[in-house]
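These notes are about the structure you will find just below.
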Amino acid sequence: MKDFIKSVAATVVGIVAFLAIAGIFAVMSIIGMVASTEATRNVSDNSVLVLNLSGNVEEQGGDNIIGKLTDNTINTLGLNEILSAIKKAKDEPNIKGIYIEAGAFEAGYATLQEIRSALLDFKKSKKWIVTYADTYTQGAYYVASVADKVWLNPKGMIDWHGLGSQTMFLRDLYAKFGIKYQVVKVGKFKSFTETYTEDRMSDANRQQVSAFVNGTWKNIITAVAKSRSISADSLNAYADRMIVFEPAENLKRYKLVDELVYADNVKQKIKKMLNVGDDPITQLTISDMSCVKSKDKADNIVAVYYAYGPIVQNGIASMFSQGNQIVAQDVCTDLEELANDDDIKAVVIRLNSGGGDAYASEQLWHQVSMLKKKKPVVISMGDYAASGAYYMSCPASWIVAQPNTLTGSIGIFAAFPDASGLVTQKLGVKFDEVKTNRNSTFGNIMARPFNSEELHYLQGFVNRGYELFRQRVADGRHLSIEKTEAIAQGRVWLGNDAIAIRLVDQLGGLPDAVAKAAQLAKLKSYSTEDYPAPLSLQDQLFGAFNRNSYLDEQLRITLGSLYEPFVQMRNINRREALQAQIPYIINME
């Protein structure tokens, strides 16, 4: 028995010692990885930047140490990292060109336009760009069409089919659970609430969706037509007849690609372009480029602050919180710190949001206004900067949007779930009450819907919110109330159209916004710094064990397009009543 106990004890001690040693090696590996990522990298001659356009794009990437130690099933690229890599490649003489390896690439069309513009700027250096794919998605081809040479697998495809938007209506889904919505809103184009109350688009919503879908597609085919020397009419004809199912030889004949090659021949073709014979090619990834020293170094700093996701007053730190959020309390604190930092001479707020809580948007408006009193503030709009996101944008010194950006949507609504059908009819719960005043039991959605008097009060509340929003826009954009009302009413505008009605000041991307901020601050030389800073190693280590975020990501993969309505039901009572949002689901593919 004693021998058995000794044996068990020895085993336990061995396991503990092994885990301790393994932990030490893991920490040492992480520290080594951090050190290696922070080291400055020298670029050898005849190097090539490889852009692997596969996965999802978020506004801001960073040093994901945990992601490098684990096998992530979802590849997420930071737009800031992509743009930085392309700019450094343009300025680095030892980098001779860019090789784009296109895959399943998911991003909004304003984000794709941002990357495409960066590549066009790269070509001003007289360096080459080539691209290869087994299959080009429509978005990937839109970006890759800037290349000097577009290569395709001999059995490959190009998915070129045009754009369409299918709005999802959830009224009948909620009805199955005994839930219906009571809506109060201002703005005939404020179509978010149609998701809850209708089963088809209103005429006003169909008008605005048609405008921005057709406008975006026109921007796409105009750009591709210019790069590939193909007429816009031909590109539309190709989309109409679904050339994705045609043989690759036809795609070459249509001048959509230059050559049909297999993947194993691509490296030899690039070696021939570099004239390096049998010498190896130095391939630099986006991650590698983060270690390449930037040419732009100066004491004067233009801060680029990334704000993306739904606008909320407080972060919902729970499962299914929909990923990135613009948490008003946190962002206001950050902007105040930027205002008080004397080394920062101007601030660019990179914004990608469809809006959110109206009260939170008002707080953000106030903080942007305070920041502007101390230094120039320029807004750079991504795929969306609408409703509450436009609310926080309007007091800025200057607003830059992509032609494909969706913006505007100056309107307010409140949608209240009436769950009395579920509770009283399906579940058989009964209510009785005693009250001191006529409206003492106002707001119990489990017992009964709002009556006409209560809806009247709510409509007045929403009207005041809309009038304040409209006034903020009128003051910020130097418009009369009458002119603001004419472009408001909740209407979503494409960037191309927004500039004509003075909702934005300039069409362009993030580099244009940074240049404008420097100009307004009267800076001859400057460097940029990204904010908020990437998560620390400690935060990443703790975050790696966040089970909720893992489950949320897996659910997003499993449910696909049904993920968003699921989250809406999950968070049915977690948002503020007054909302400034564009339609929750704008599906444009």
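For segment 317-388, give me every one of the strands (runs of 3 or more DSSP E) that falls completely inside it and has 3 or more residues that are surrounded by 24 or more Cβ atoms within 10 Å (Cβ to Cβ) and modelled with pLDDT of 95 or more. Can you show your working first?
On the way: elements: 344-353, 355-357, 377-386.
Strands (runs of 3 or more DSSP E) meeting the threshold: 344-353, 377-386.
State all residues of segment 493-529 that are over 22 Å from I582 (Cβ atoms) and of a type in the set (F, W, Y); if no residue qualifies, say none.
Y526
For G32, state whether it is surrounded by 13 or more Cβ atoms within 10 Å (Cβ to Cβ), at pLDDT below 90, out of contact with any Asp or Glu (no Cβ under 6 Å at 6 or more places or on another chain) and in a helix (DSSP H, G or I).
no
Please indicate, with yes or no, whether at least one residue in segment 405-412 is modelled with pLDDT under 95, of a type in the set (V, I, T), part of a strand (DSSP E or B) and open to solvent by less than 10 Å² (accessible area, probe 1.4 Å).
yes
All but one of (1) out of contact with any Leu (no Cβ under 8 Å at 6 or more places or on another chain); (2) assigned to a helix (DSSP H, G or I); (3) of a type in the set (V, I, T) hold for V473; which doesn't?
The single condition V473 does not satisfy is (1).
Of all residues in segment 156-178, count the ones that are of a type in the set (S, T, N, Q) and either in contact with a His (Cβ under 7 Å, 6 or more places away or on another chain) or in a strand (DSSP E or B) (or both).
1
Taking segment 42-58 as the region of interest, how many residues are within 18 Å of K96 (Cβ to Cβ), assigned to a strand (DSSP E or B) and among the hydroxyl-bearing types (S, T, Y)?
1
Of the conditions (1) modelled with pLDDT of 90 or more; (2) surrounded by fewer than 20 Cβ atoms within 10 Å (Cβ to Cβ); (3) of a type outside the set (A, V, I, L, M, F, W, C); (4) in a loop (DSSP other than H, G, I, E, B), S440 clears all except one; give me its number.
It is condition (1) that S440 fails.
Identify all residues within segment 501-516 that are open to solvent by 50 Å² or more (accessible area, probe 1.4 Å) and within 16 Å of D383 (Cβ to Cβ); write none if there are none.
Selection gives L507 alone.
Considering (1) of a type in the set (S, T, Y); (2) open to solvent by less than 30 Å² (accessible area, probe 1.4 Å); (3) at positive phi, say which one S229 fails and leave the rest.
(2)
When only residues in segment 58-103 that are modelled with pLDDT under 70 and over 15 Å from S287 (Cβ atoms) count, which is least open to solvent (accessible area, probe 1.4 Å)?
In this case the residue turns out to be I74.
All but one of (1) of a type outside the set (G, A, S); (2) more than 20 Å from the chain's Cα centre (by Cα); (3) modelled with pLDDT of 95 or more; (4) open to solvent by less than 40 Å² (accessible area, probe 1.4 Å) hold for L284; which doesn't?
(3)
Could you list, in sequence order, all residues of segment 188-214 that are in a loop (DSSP other than H, G, I, E, B), under 15 Å from I582 (Cα atoms), out of contact with any strand residue (DSSP E or B) (no Cβ under 8 Å at 6 or more places or on another chain) and not basic (K, R)?
Once the filter is applied, which keeps residues that are in a loop (DSSP other than H, G, I, E, B), under 15 Å from I582 (Cα atoms), out of contact with any strand residue (DSSP E or B) (no Cβ under 8 Å at 6 or more places or on another chain) and not basic (K, R), segment 188-214 yields S191, M201, S202.
Given (1) crowded, with 24+ Cβ neighbours inside 10 Å; (2) within 25 Å of K218 (Cβ to Cβ); (3) in contact with a strand residue (DSSP E or B) (Cβ under 9 Å, 6 or more places away or on another chain), where does K123 come up short, assuming only one miss?
So the condition that K123 fails would be (1).
Which residue, of S397, S380, S393, is within 17 Å of I582 (Cα to Cα), small (G, A, S) and touching a strand residue (DSSP E or B) at 6+ places or on another chain (Cβ under 8 Å)?
Result of the check over S397, S380, S393: S393.
Pull out all pairs, ordered by first then second residue, where Cβ-Cβ is under 8 Å, the residues are six or more apart or on different chains, the first lies in segment 286-305 and is more than 27 Å from V378 (Cα to Cα), and the second is open to solvent by 20 Å² or more (accessible area, probe 1.4 Å) and among the charged types (D, E, K, R).
Matching pairs, first to second residue: S287/E81; D288/R41; C291/E38; C291/R41; V292/R41; V292/K88; V292/E92.
The values are calculated or read from the model by the stated rules, or taken from the named source; none is laboratory data. Nothing here was measured: the structure is a model prediction, and the numbers come from that model. Every residue, glycine among them, receives a Cβ derived from its backbone with ideal geometry; neighbour counts consider all protein chains shown. With ligands, DNA and RNA removed, areas are computed over all heavy atoms of the protein, side chains included. Shrake-Rupley method; radii C 1.70, N 1.55, O 1.52, S 1.80 Å.
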